[in-house]
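First comes the structure, then the notes that go with it.
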Amino acid sequence: MTVIAFQGVPGAYSDLACRHAYPGWTTLPCPSFEAAMEAVREGRAQKAMLPCENSLAGRVPDIHRLLPDSGLAVVGEHYERVEHCLLAREGATLASIRRAHSHPMALGQVLKVLKELSLTPVIQADTAGAAEMVSREGGPEDCAVASALAAEVYGLQILRRNVEDAAHNTTRFYVMATRPETPPIEAPHPVTTFVFRVRNMPAALYKALGGFATNGVNMTKLESYMLDGAFTATQFLCDVDGHPDDPRLFRALEELRFFSREVKVLGCYRAHPFRVAREGT
């Protein structure tokens, strides 16, 4: 049995992402990101699916802090379109529902339907958990904002599909494993993820990143975050197009190391088709 771990309860969007990316694998729900990583380290799962950013909400907290010291490698990425549904128990209708239960981020993404149906938002810990609660305790006036998978898992009916305000609502995930799965250098569309800390010197970041420009390496992600609560200790997480063994990226990373206290490549993997299609437009 091949297992992939995720943070959340059955029916969560991370669960759905696992099933779409790795059909036929068994999904393993975990209470936290750390627990999902631990499941891989302990061999209870072969991979972990961890959300890193959303097109509406931005980056997912904690993931950036956990990645460098996880002992795992980034072996892939996955983009999952977020399609919210209104779920309710049998017998409820669009006319009967009065309360919408979900995670606050999901509730903020369905403001139009909340207004249209005059629904009162009720905050829950997560979307799938809201669906579970409605299935156990909900009446005809209760609905959950969650995935179609959550309706299947908890035996709810779908009153309306695709109720999200923005059609581009998409979450990106890192796929983690114990060992790198670096594609061959000639493989199409490689992406490399790494972290670095610059030296404490004037214009260090400018100089560190200059090698990517001079070598023609496209940087698709650059995010900073503090280490250990120190305002002076900043680490950067980057995604770039290219393979570490490609001469252009190799030279750029060498220049980065010259101006940095630490550089750690977390993984090289093939770009997801969503990224390829988006960058090709």
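Annotations
- Of the residues making up region 246-281, just one is surrounded by 12 or more Cβ atoms within 10 Å (Cβ to Cβ) and among the polar types (S, T, N, Q), namely 260.
- Tally, over region 70-92, of residues that are over 14 Å from the mean Cα position of the chain (by Cα) and of a type in the set (Ser, Thr, Tyr): 1
- Just one of the numbered conditions (1) in contact (Cβ under 8 Å) with a residue 40 or more places away in the chain; (2) assigned to a helix (DSSP H, G or I) is not true of residue 248: (1).
- Taking region 54-75 as the range and being assigned to a loop (DSSP other than H, G, I, E, B) and either over 20 Å from residue 272 (Cα atoms) or modelled with pLDDT under 90 (or both) as the test, the residues that pass are 55, 56, 57, 60, 61, 62, 68, 69, 70, 71.
- Close pairs (6 angstrom Cβ cut-off, 6 or more residues apart or separate chains): over 12 Å from residue 37 (Cβ atoms) in region 61-77, part of a loop (DSSP other than H, G, I, E, B) and of a type in the set (Gly, Ala, Ser) anywhere: none
Here is a yes/no grid of residues against (1) out of contact with any strand residue (DSSP E or B) (no Cβ under 7 Å at 6 or more places or on another chain); (2) aliphatic (A, V, I, L, M); (3) more than 25 Å from residue 18 (Cα to Cα); (4) at pLDDT below 95:
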site: 251; (1), (2), (3), (4): yes, no, yes, no
site: 257; (1), (2), (3), (4): no, no, yes, yes
site: 272; (1), (2), (3), (4): no, no, no, no
site: 276; (1), (2), (3), (4): yes, yes, no, yes
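- Condition met for residue 16 (assigned to a helix (DSSP H, G or I), of a type outside the set (Val, Ile, Thr) and in contact (Cβ under 8 Å) with a residue 12 or more places away in the chain): yes
- Summed over region 72-88, the residues that are within 20 Å of residue 239 (Cβ to Cβ) and among the small types (Gly, Ala, Ser) give a count of 2.
- Which listed residue, of 95, 88, is buried (at least 22 other Cβ atoms within 10 Å of the Cβ), aliphatic (A, V, I, L, M) and over 25 Å from residue 227 (Cβ atoms): 88
Residues are listed down the side, and each one gets a yes or a no for (1) among the β-branched types (Val, Ile, Thr); (2) touching a Ser or Thr at 6+ places or on another chain (Cβ under 8 Å); (3) in contact (Cβ under 8 Å) with a residue 24 or more places away in the chain:
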site: 181; (1), (2), (3): no, no, yes
site: 206; (1), (2), (3): no, no, no
site: 209; (1), (2), (3): no, no, yes
site: 224; (1), (2), (3): no, yes, no
site: 235; (1), (2), (3): no, yes, yes
site: 239; (1), (2), (3): no, yes, yes
site: 259; (1), (2), (3): no, no, yes
site: 268; (1), (2), (3): no, yes, yes
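The values are calculated or read from the model by the stated rules, or taken from the named source; none is laboratory data. This one's a predicted model, so the numbers in the text were calculated from it and none came from an experiment. Glycine gets a Cβ as well: all are built from the backbone with ideal geometry, and neighbour counts include every protein chain shown.
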